[in-house]
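Before any comments, here is the structure.
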Amino acid sequence: MELMDVYFDNNATTRVLPEVVAAMLPYCTDFYGNPSSIHRFGSDVGRKIAEARAQVAALLGAADPVEVLFTSCGTEGDNAAIRGMLEARPDKRHIVTTKVEHPAVLGLCQHLEKKGYRVTWLDVDKDGALDLAELSTALSGDTALVSIMWANNETGVIFPIEKIAELVRSQGIPLHVDAVQAAGKIPINVSALPVDLLTISGHKFHAPKGVGALYVRRGISFPPFIIGGHQERNRRAGTENVAGIVGIGQAAEIALNRIAADSEHERQLRDRLEALLLATCPESRINGRNQERLPNTLNISFRYLEGESMLVLLDQQGICASTGSACTAGSAEPSHVLRAMDLPADWLQGAVRFSLSRFNSEAEVNYVNEKVPAIVQRLQGLSALGRLGSQGRPRDERSVAGTR
Ligand code: PLP
């Protein structure tokens with residue numbers, strides 16, 4: 001069988017749509033004015049930014065485009081939201097978040113913990129689900145904010161944001177939602193949801209890298225994260241990434257129009273891949289299977305394997321996948337998300353994430369299913385030899401007990 005190029009790593013980043021490139025191009029060439037300038041070179045560009053703001057507001061269901069401010073990425077949005085809320089409520093020293101957040105939230109909250117904030121890290125169960133009673137108990141008069149992701153980047157597990165938002169709002173506490181993986185994949189309507197801040201990132205839905213957006217509900221006091229000029233109504237200083245902003249606007253409009261069709265297409269492919277791999281690879285399991293998940297995401301563990309070795313062999317066959325968060329690629333650390341789900345040690349290292357987009361096809365799914373079983377068999381064979389080790393019994397039987 002001929003080699004195919006299969007890109008199944010769309011939760012890491014996506015291909016930029018040709019329509020998005022076309023919309024951006026004039027803003028790299030002819031329309032080079034600074035949007036803050038009074039003259040027409042500036043005002044033409046300023047109008048285009050306003051259009052992009054309205055496009056992103058429509059994707060999020062924001063009542064007013066001024067509730068959207070542009071950032072450089074999801075990480076900036078998450079940092080700006082959390083730090084902004086802490087600065088706005090200096091008397092409060094407590095943050096509530098989960099153990100399965102992306103490092104953009106997780107790493108910041110760990111940092112803030114070292115600086116003296118108290119952080120409640122909410123657990124998830126074996127399926128990756130949150131316990132809302134635990135959330136409710138965690139909230140107190142000292143809580144400055146709650147930050148919870150909408151959809152998990154590794155497993156695709158979707159948290160019940162409506163219920164979370166109602167619970168948090170009932171206590172008068174601001175809620176920030178990291179919707180970086182949700183945007184463009186599932187419908188978002190912040191007008192109908194008591195969420196105060198919400199982060200998205202363009203490169204996850206076919207806009208370029210280097211541009212994101214943060215929704216800040218009207219009336220929320222939001223000190224600027226980057227201080228300087230008056231851009232973004234004094235909430236984020238710095239001359240705008242005009243072409244990037246035009247790109248995220250265009251991608252948002254396309255995503256909004258195609259969300260139902262694209263997610264159905266991706267769900268069908270993902271379900272097919274999932275069923276095929278479970279049937280052809282005996283020691284395999286789906287992580288987060290019993291939860292509502294993003295339609296494009298499949299996180300599958302192959303027992304006794306090293307996910308990293310699997311990725312190298314997949315790559316040799318032209319298949320691009322991931323072990324989870326792109327940010328942890330290259331480190332052999334097991335995923336903090338799967339650890340929080342209490343995955344047994346013999347399944348933990350062998351997790352592979354396949355994440356699809358509208359560009360993927362059934363032929364690619366079939367191709368991946370042709371290649372994966374042989375790779376898994378080969379690696380499981382090597383691993384069995386290793387596990388027999390010098391003591392004549394499988395190594396995992398010794399290690400599992402200690403690390404579960
Ligand atoms: N939050 C989540 C859930 C993500 O998946 C990512 C990126 O993978 C980020 C935040 C960070 O986004 P960015 O890469 O745009 O900084």
*Can you run down the residue pairs with Cβ atoms below 6 Å, 6 or more apart or on separate chains, where the first is in the range 229-256 and at negative phi and the partner is of a type in the set (Lys, Arg) and assigned to a helix (DSSP H, G or I)?*
Val246/Lys48
*Checklist (1) open to solvent by 10 Å² or more (accessible area, probe 1.4 Å); (2) more than 16 Å from the ligand (Cβ to nearest atom); (3) touching a helix residue (DSSP H, G or I) at 6+ places or on another chain (Cβ under 6 Å) applied to Val180, failing item*: (2)
*What are the residues in the range 304-322 that are assigned to a loop (DSSP other than H, G, I, E, B), at pLDDT below 95 and open to solvent by 40 Å² or more (accessible area, probe 1.4 Å), if any?*
Tyr304, Glu306
*Give me the pairs, please: first residue somewhere in the range 169-190 and free of Cβ contacts under 8 Å to residues at least 60 places away in the same chain, second residue anywhere and among the charged types (D, E, K, R), beta-carbon distance under 8 Å, and either six or more positions apart or on two chains.*
Leu175/Arg169; Leu175/Asp196
*If we keep just the residues of the range 55-73 that are of a type in the set (A, V, I, L, M, F, W, C) and open to solvent by 20 Å² or more (accessible area, probe 1.4 Å), which is modelled with the lowest pLDDT?*
Ala63
*Residue, most open to solvent (accessible area, probe 1.4 Å), within the range 74-103, restricted to residues that are within 10 Å of the ligand (Cβ to nearest atom) and of a type outside the set (Asp, Glu)*: Thr75
_Among the residues of the range 269-292, are any open to solvent by 30 Å² or more (accessible area, probe 1.4 Å), in a strand (DSSP E or B), out of contact with any His (no Cβ under 7 Å at 6 or more places or on another chain) and in contact (Cβ under 8 Å) with a residue 60 or more places away in the chain?_
yes
*Pick from the range 104-135, criterion within 16 Å of the ligand (Cβ to nearest atom) and open to solvent by 50 Å² or more (accessible area, probe 1.4 Å), ranking: farthest from Glu154 (Cα to Cα)*: His111
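Based on this model, can you work out whether Asn189 counts as of a type in the set (S, T, N, Q), surrounded by fewer than 22 Cβ atoms within 10 Å (Cβ to Cβ) and on the phi > 0 side of the Ramachandran plot?
No; evaluated as a whole, the condition is false for this residue.
The values are calculated or read from the model by the stated rules, or taken from the named source; none is laboratory data. What you are looking at is a predicted structure, and each value in this text was computed from that prediction instead of being measured. Heads up, the Cβs are rebuilt from the backbone with ideal geometry, glycines too, and the neighbour counts pull from every protein chain shown. What goes into the accessible areas is simple: the full protein's heavy atoms, side chains included, and nothing from ligands, DNA or RNA. Shrake-Rupley method; radii C 1.70, N 1.55, O 1.52, S 1.80 Å.
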